[in-house]
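Q: To start, I am sharing the structure in question, which I have written as structure tokens.
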Amino acid sequence: MRITLVRNATLIVEIGGKRILVDPMLDDIGARPAIEGTQNPVANPTTPLPFPAEEVVRDLDAIVITHRHRDHLDTKAEELLPRSVPVFCQPEDESALRELGLEARSVEDAISWEGIDISRTPAQHGTGRIAELLAPVSGFVLDELYIAGDTVWYEGVEETIRRYEPGVAVVNAGGAEFLEGGLIVMGADDVREVVARVPTVIAVHMEAINHCFLEREALAAAVPGVVIPRDGETVEV
């Protein structure tokens, strides 16, 4: 298995002989305004792509979109994504993705595609009222790979790990937050819980959006053993 971090939560996963794009954020640096209600009011994305967007969408066999927030599916991605490959998504997003001309296929629970088992898993994008406002979000398991999606550590993530026993987990670990309400994706303590339960943990969704405050260096110091790729870097598992 090869996992390439493009930027933020955008991944190219090579598994089972297939090339799968996850959560494409392909806009140019500074193309979108800062997320409202947050500190650090700078334009998003805050970093450039490591290679051209057209290269990211080349030779794909499938796409996975965990949810439709703009840092997981943005304007340029909507324009460039191929219309001839399946786009696996949560049921709530299928209609909107089909309106874009994409071959959306919702995953209610689990499906098998081209020899790869794909399961949709629960996620909680923060806590309390914030989580309700940001819902729905999902994670996905592709064979032994758990893509947690935009979630904090909570019982749903713990149960997913217990149920699927993944060999690899990708966690969104930028420590994103609004001015109030606490973390809306994983911070160092959340990642530590995953590392204690999964053999290989890869942390992404860092240093690319204005309200993500946990940096790579700080996470590496706080949680030994976590794999933290740079943009454009490939991890082989």
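The values are calculated or read from the model by the stated rules, or taken from the named source; none is laboratory data. All figures in this text were calculated on a predicted structure; none of them were measured in a lab. Cβ: placed from backbone, ideal geometry, glycine included. Neighbour counts: every protein chain shown. These area figures cover heavy atoms from the full protein model, side chains too; ligands, DNA and RNA do not enter into them. Shrake-Rupley method; radii C 1.70, N 1.55, O 1.52, S 1.80 Å.
Q: Taking the simple approach of a point 7 Å from Cα along Cα-to-Cβ for both residue 92 and residue 18, what is their distance in nm?
A: 2.4
Q: Hey, with R₀ at 22 Å, roughly what FRET efficiency would residue 108 and residue 83 work out to, going by the Cβ-Cβ distance, to 0.05? Please list the in-between numbers first.
A: Working: r = 23 Å, r/R0 = 1.05.
Efficiency, rounded to the nearest 0.05: 0.40.
Q: Shifting gears a bit: Would you pull out the residues with amide H under 5 Å of residue 170's amide H, same chain only if 5 or more places away, H placed 1.01 Å from N?
A: 146, 147, 148, 202
Q: Going through segment 159-234, which GluC sites (Glu not before Pro) have at most 15 other Cβ atoms within 10 Å and a DSSP loop state?
A: On the way: sites: 159, 177, 180, 193, 207, 215, 217, 233; in loops: 180, 207, 215, 233.
Here the sparse-neighbourhood loop sites are 180, 215, 233.
Q: Mind checking the full-extension length gain between residue 99 and residue 234? Use 0.36 nm per residue of separation minus the Cα-Cα distance, one decimal, nm. Numbers along the way, then the final one.
A: Working: separation 135, 0.36 × 135 = 48.60 nm, distance 3.28 nm.
Working it through step by step, the gained length comes to 45.3 nm.
Q: Rank 126, 11, 113 by how far each Cα sits towards the positive end of the charge dipole of the chain (+1 on Lys, Arg Cβ; -1 on Asp, Glu Cβ) and give me just the farthest.
A: Value computed over the given set: 11.
Q: Within a Cβ distance under 15 Å of residue 95, other residues only, what is the Lys/Arg minus Asp/Glu net charge?
A: Residues near residue 95 contribute -4 overall.
Q: Any idea which of 151, 161, 212 is furthest toward the positive side of the dipole for segment 135-228, if Lys and Arg beta-carbons carry +1 and Asp and Glu beta-carbons -1?
A: 161
Q: Tell me the net charge near residue 50. Cut-off is 9 Å between Cβ atoms, residue 50 excluded, with +1 for each Lys or Arg and -1 for each Asp or Glu.
A: On the way: positive: 7, 230; negative: 231, 233.
Charge balance near residue 50 sits at 0.
Q: Now for a separate question. Highest GNM mean-square fluctuation, the chain, Cα pairs closer than 10 Å: which of 98, 68, 120?
A: Its mean-square fluctuation being the largest, the pick is 98.
Q: For residue 6, list long-range residues whose amide hydrogen, built 1.01 Å from N in the peptide plane, is under 5 Å from its own amide hydrogen.
A: Correct list: 11, 12, 232.
Q: What percent antiparallel are the DSSP beta bridges of segment 85-225, to the nearest 5? If you can, show how the numbers build up before the last one.
A: Working: 14 of 26 bridges.
The answer is about 55 percent antiparallel.
Q: What fraction of the DSSP beta bridges in the chain is antiparallel, stated in percent and rounded to the nearest 5? Kindly include the intermediate steps, with their values, before the conclusion.
A: Numbers: 28 of 47 bridges.
Once the DSSP bridges in the chain are tallied, antiparallel ones form about 60 percent.
Q: Could you rank the peptides 144-152, 102-110 by their average count of other C-beta atoms within 10 Å per residue, with the highest value first?
A: Values: 144-152: 26.0, 102-110: 15.3.
Taking the mean over residues of other Cβ atoms within 10 Å, the ranking is 144-152, 102-110.
Q: Multiplying the sequence separation of residue 129 and residue 189 by 0.36 nm and subtracting their Cα-Cα distance, what value in nm do you get?
A: Details: separation 60, 0.36 × 60 = 21.60 nm, distance 2.13 nm.
Extending this stretch completely gives an extra 19.5 nm.
Q: Right, next: Could you derive backbone 3J(HN,Hα) for segment 35-52 from the dihedral phi with the Karplus parameters 6.51, -1.76 and 1.60 (θ = phi - 60°), listing whole Hz in sequence and x where the residue is Gly or Pro?
A: Running phi through 6.51 cos²θ - 1.76 cosθ + 1.60 with θ = phi - 60° gives 5, 5, x, 10, 7, 6, x, 10, 5, 10, x, 8, 9, x, 5, x, 8, x Hz.
Q: Identify which of the listed values of Rg and Dmax of the Cα atoms in Å was calculated from the structure shown: (i) 16.7, 52; (ii) 18.7, 63; (iii) 16.1, 45.
A: (iii)
Q: Taking θ as phi - 60°, what are the ³J(HN,Hα) couplings along segment 72-80 by the Karplus curve (6.51, -1.76, 1.60), each to the nearest whole Hz, with x for Gly and Pro?
A: 10, 7, 10, 4, 5, 4, 4, 6, 9
Q: Which of the three applies to segment 1-87, rounded, prolate or oblate, going by the alpha-carbon gyration tensor with a ≥ b ≥ c and a/c under 1.5 meaning rounded?
A: Numbers: a/c = 2.06, a/b = 1.95, b/c = 1.06.
Prolate, since a/c reaches 1.5 and a/b exceeds b/c.
Q: Using a 1.4 Å probe on the protein heavy atoms, what percent of the accessible area of the chain belongs to carbon and sulfur? Don't jump to the answer; show the numbers that get you there.
A: Details: 4560 of 9870 Å².
Solvent-exposed carbon and sulfur of the chain make up 46 percent of the total.
Q: Please give the contour-minus-distance gain from residue 197 to residue 221: 0.36 nm per residue of separation, less the Cα-Cα distance, rounded to one decimal in nm.
A: Numbers: separation 24, 0.36 × 24 = 8.64 nm, distance 1.90 nm.
Net length gain for the segment: 6.7 nm.
Q: Ordered by residue, what ³J(HN,Hα) values in Hz, to whole numbers, does segment 177-183 give under the Karplus form 6.51 cos²θ - 1.76 cosθ + 1.60, where θ = phi - 60° and Gly and Pro are x?
A: Whole-Hz 3J(HN,Hα) from phi for segment 177-183: 7, 8, 5, 9, x, x, 5.
Q: Then there is this: Within the set of other residues whose C-beta is less than 15 Å from the C-beta of residue 14, count the net charge using Lys and Arg as +1 and Asp and Glu as -1.
A: Within the 15 Å Cβ shell, the charges total -4.
Q: Antiparallel DSSP bridges in segment 5-90: what percent, to the nearest 5? Mind showing how you got there, number by number?
A: Values: 8 of 14 bridges.
Beta bridges within segment 5-90, antiparallel portion: roughly 55 percent.
Q: Right, here's the next one. Under the definition of Cα pairs under 8 Å and six or more residues apart, what whole-number percent is the relative contact order of segment 1-142? Numbers along the way, then the final one.
A: Numbers: 269 pairs, mean separation 24.7, N = 142.
For segment 1-142, the relative contact order is 17 percent.
Q: Would you calculate a helix-derived [θ] at 222 nm for the chain, using -39,500 (n - 2.57) for each DSSP H run of n ≥ 4 and dividing by the full residue count, to the nearest 500?
A: Working: 7 runs with 48 residues, N = 237.
Mean residue ellipticity at 222 nm (helix-derived): -5000 deg cm²/dmol.
Q: If amide H atoms are built 1.01 Å from N in the plane of the peptide, which residues on other chains or at least 5 residues away come under 5 Å of the amide H of residue 29?
A: Residues meeting the amide H criterion: 49.
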